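Here's the structure we're looking at; comments come further down.
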Amino acid sequence: MSLAERLKEASQHLRGSLNQELTTSSPEFSKPATTLLKFHGIYQQTDRDLRKSGTKEHSFMIRIGIPGGFVTPEQYLQLDTLADEVGDATLRITSRQDIQYHRVSKHELRDLLRAMDKVGLSSWAACGDVVRNTTAQASPLRASEQKQILPYLLEISKTLKPKSAAYAEVWVDGEQAATFETPSQETEPLYGETYLPRKFKIGFALPGDNATDVYSNDVGIVPWFDSNGTLDGFTILAGGGLGMSNGVKASHPRLADPICFVAPQDLIATVAAIVTIHRDFGNRSNRKLARLKYVLDAWGVEKFTAELRDRVSHELHAPKTLTWQTSHDPFGWHLQEDGKWFVGLRVVSGRIQDDAQASLRKALRRIVELFRPEIRLTAQQNLLIAGVSEEYRGEIDLILADHGVRHAAELPPVLRHSMACPALPTCGQALTEAERVLPSIAEGIQSELNRAGLSHEAVQVRVTGCPNGCARPFTAEIGIVGQSVDLYSLYLGGSPVGTRLARLFAHNIKRSEIPNVLSPIFARFAEARAAAESFGDWWNRSGVHELTPVLLTEVVA
Ligand code: SF4
């Protein structure tokens, strides 16, 4: 077993020395404690910019898991208030519909998590080797279908949470916890003493709309509705995961395979059984190869399904055929089924903040205070303001305009459909920049699209600071993956509906060269595409292996 496995086993269900270390004046936790902190949704980090000048300043990233990205007005106001009290005065929407606080100091942790607890939010199991925040379609466009899957989303989120009382003891009842004894009867019936070998992600998508990138999950769930719109069951996919590890050749991104179709009442048991397959057969000696996808790789779908069948007492039917028409978040104003309205706002890199261009945080606070709408966070790091009465639409538009917040339609298409992970300066794994350079990368790519006469083309661009792929670059039409300082690998040809991986086009391209590298490709795309063909589909159809050497010669020339 790896060191991480032994640590989990000896941790008394994820308690370790967290309580004791919280009482010291040190601004950091010990190494073993930082491993356990992740299960509590907390990453210890240092500012990599400051580190260059010899200063090592510790801070913490806190991830608040929000199933399906559904946030009540009270919760949003609390999240916003706390952004002024801790961290860097920003809220960051993640690609899994969480909210992250960055640059929180150690002495602020308990107060933050207690305040979250008061509005029913927590960071428990938002990271670590457990089932993390479960994603789902946030858009109210298909509210009646969404309403039918919501109970299953909440049940999965509840049932698959670790049962240990560690989080409550350490963060919520901190004073009492000093004398709190581990209840002898506490068990982890699903996870056992060593939890899972690695993280486990679950996501729902509605039929035809893959806005959540359902194939990138360890378990993807797609409901099936009969001709009356009534829920009839779920197709279950397994074995997706987009991360790769530098220097580990066997690691690779993988899309989930369709495994089976189950009746609604059998969903939770099926998903829990898949979690136990990961628990029992995932690699516990090498964390780089420990995701469920490597079990699928080794076994194939047939053997995996046979093992699953042995672990459940209900029938597993053949999966339904899935087809996809869209994957974009709905921007701008839309009418809901209930006669109210929602507006989709583009949040670049998911960062809700006030800066020189716009005061998005202030605008959202004002809107939530005045109109009490629901807030929905999307898996593409955007935000929807939902449940708005017709008469308030104008006022909301005015507040947004007064605060300099532009509607998505006013932004260049590339920026509108891009994503980036946080990377430098806070992420310890980052090899180079992502979020901070996204606007300039998007601008450069947009210029080349404009030059090729493709100014309205909504090409997906996703940038990460390392191959772990947190912003899902490997399913994008253009994936830009950091390799070392200012050098990126370029992946091209992902499907715009998330059903095909992009393929490596070029390694170690300088950031400033990315637009030049793409320029001849866009020129060819403009000439050779079929009507309404997307960039990713064209690239895939045009034959990567034949085209790549020609284009690289042009780039070099
Ligand atoms: Fe950090 Fe890499 Fe994830 Fe970006 S992709 S947030 S650099 S681990």
| request: Starting from the range 454-470, keep only residues that are within 16 Å of Trp538 (Cβ to Cβ), then list their pairs with residues that are among the charged types (D, E, K, R) and within 16 Å of the ligand (Cβ to nearest atom) whose Cβ atoms are within a distance under 6 Å, requiring at least 6 positions of separation or different chains. | output: none
| On the given criteria, is Val301 of a type in the set (Val, Ile, Thr), surrounded by fewer than 16 Cβ atoms within 10 Å (Cβ to Cβ) and in contact with a strand residue (DSSP E or B) (Cβ under 7 Å, 6 or more places away or on another chain)? | yes
| Considering only residues of the range 31-76 that are assigned to a loop (DSSP other than H, G, I, E, B) and closer than 26 Å to Thr432 by Cα, which is modelled with the highest pLDDT? | Gly41
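Restricting to the range 457-477, give me the number of residues that are at negative phi and within 16 Å of the ligand (Cβ to nearest atom).
14
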| Among (1) away from the ligand (no atom under 16 Å from the Cβ); (2) outside any helix (DSSP H, G or I); (3) touching a Pro at 6+ places or on another chain (Cβ under 8 Å) - the single one Leu454 does not satisfy | (3)
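Give the residue that is farthest from the ligand (Cβ to nearest atom), with candidates limited to residues of the range 407-446 that are among the small types (Gly, Ala, Ser), under 18 Å from the mean Cα position of the chain (by Cα) and surrounded by 18 or more Cβ atoms within 10 Å (Cβ to Cβ). Full working, then the answer.
As a first pass, look at the range 407-446 and keep what is among the small types (Gly, Ala, Ser): 408-409, 418, 420, 423, 428, 430, 434, 440, 442, 444.
Next cut, under 18 Å from the mean Cα position of the chain (by Cα) only: 418, 420, 423, 428, 430, 434.
Filter again for surrounded by 18 or more Cβ atoms within 10 Å (Cβ to Cβ), leaving 418, 420, 423, 430, 434.
Values: Ser418: 14, Ala420: 8, Ala423: 4, Ala430: 4, Ala434: 6 Å.
Out of the qualifying residues, it is Ser418.
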| message | Of everything in the range 86-140, what is in contact with an Asp or Glu (Cβ under 8 Å, 6 or more places away or on another chain) and among the basic types (Lys, Arg)? Give them in sequence order. | response | Arg103, Lys106
| query | Inside the range 478-487, can you point out the residues that are on the phi > 0 side of the Ramachandran plot and away from the ligand (no atom under 15 Å from the Cβ)? | reply | none
| Across the range 492-534, which residue is nearest to the chain's Cα centre (by Cα) among those that are crowded, with 22+ Cβ neighbours inside 10 Å and among the small types (Gly, Ala, Ser)? | Gly498
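The values are calculated or read from the model by the stated rules, or taken from the named source; none is laboratory data. From a predicted model like this one, the values you see are computed outputs, not experimental measurements. Here the Cβ is made from the backbone with ideal geometry for all residues, glycine too, and neighbour counts use every protein chain on show.
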